[in-house]
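*Asks:* Take a look at this one; I'll ask things after.
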Amino acid sequence: MRKLKFIILFFCIFLLSGCSVEYNLTIDESTMEEDINAIFDKATESEIANRMERVRRTSYYNLDTRENEYYNFKKREDENNIILNYNYIYTSNNLYKSEAASRCYYKRIVNVTDDYITIDTDQQVACLYKDGEKQIDNITVNIKTNLPVVSNNADNVTSNTYTWYINDDNYTNKPISIKIEKQEAGEPFDIESISVLIVVIVFLILCIIIYLIMRVKHKKNNKIK
């Protein structure tokens, strides 16, 4: 019975009555970082939050090592809420295995090529309701990147953050789609830039040569006098 309770808790971190979830995904050329906040009302849900605090949560199963990878866990509180934070940095194309993402989108594509990073999900969000009962009040998805975004269907874009709001009104048709262009580490010089650089270098060399010649002449003139 005790083992059964542990299993139920283990698989329900994002399926909790009255819980709000903030899912943050930061993407650069080499990593994808998940940072997830499960937010509980301190007055009514502190007991659930305290139980969940003791549960180790798998981020994904690593096929190479045949072992689970786990989220880094932190707990913090403000005046009204208890916030359980789960963080993991993916260094290869393993985001599609994410346990958190799989709970909410059964079908999802994370495609990483030399040129683009593409994320696409199916339409329905599966984790707001379970067996007809409300599990999560709302979900906010933030995808942050400094790379150029070619296309997206976000509800809101602020600077480098693309945001989707998921709730009762739209969860049956709320796909997430974003296509990000990967950049090379450095921008190559074009011909015009190289030409300007060469002119500047030649000019500086000429200035140094002229200065040295003038200095030598000045010394000779002083000796003659």
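*Asks:* Under the condition of being of a type outside the set (A, V, I, L, M, F, W, C) and surrounded by 14 or more Cβ atoms within 10 Å (Cβ to Cβ), which residue from segment 156-169 is nearest to C19 (Cα to Cα)?
*Replies:* Going through the qualifying residues, I end up with N167.
*Asks:* What's the number of the condition R76 fails, among (1) farther than 22 Å from T161 by Cα; (2) in contact with a helix residue (DSSP H, G or I) (Cβ under 6 Å, 6 or more places away or on another chain)?
*Replies:* With (1) farther than 22 Å from T161 by Cα; (2) in contact with a helix residue (DSSP H, G or I) (Cβ under 6 Å, 6 or more places away or on another chain) applied to R76, the lone miss is (2).
*Asks:* What are the residues in segment 1-40 that are at pLDDT 90 or above and over 20 Å from the mean Cα position of the chain (by Cα), if any?
*Replies:* Once the filter is applied, which keeps residues that are at pLDDT 90 or above and over 20 Å from the mean Cα position of the chain (by Cα), segment 1-40 yields only F40.
*Asks:* Can you name every one of the strands (runs of 3 or more DSSP E) wholly within segment 107-199 that holds 1 or more residues which are closer than 18 Å to N93 by Cβ and either in the same structural domain as A38 (by TED's automatic domain parsing) or modelled with pLDDT of 95 or more (or both)?
*Replies:* Of the strands (runs of 3 or more DSSP E) lying wholly inside segment 107-199, those with at least 1 residues that are closer than 18 Å to N93 by Cβ and either in the same structural domain as A38 (by TED's automatic domain parsing) or modelled with pLDDT of 95 or more (or both) span 108-112, 116-121, 136-145, 177-181.
*Asks:* Which of the residues that make up segment 55-78 are in a loop (DSSP other than H, G, I, E, B) and touching a residue at least 12 places away in the same chain (Cβ under 8 Å)?
*Replies:* V55, R56, R57, Y71
*Asks:* Please go through segment 88-97 and pick out each residue that is more than 16 Å from A38 (Cα to Cα) and in contact with an Asp or Glu (Cβ under 7 Å, 6 or more places away or on another chain).
*Replies:* Matches in segment 88-97: I89 only.
*Asks:* Which ones in segment 74-101 are exposed (fewer than 14 other Cβ atoms within 10 Å of the Cβ) and more than 24 Å from V112 (Cα to Cα)?
*Replies:* K74, K75, R76, E77, D78, E79, N80 - these are the residues of segment 74-101 that are exposed (fewer than 14 other Cβ atoms within 10 Å of the Cβ) and more than 24 Å from V112 (Cα to Cα).
The values are calculated or read from the model by the stated rules, or taken from the named source; none is laboratory data. Nothing here was measured: the structure is a model prediction, and the numbers come from that model. Positions of Cβ are backbone-derived with ideal geometry, glycine not excepted, and every protein chain shown enters the neighbour counts.
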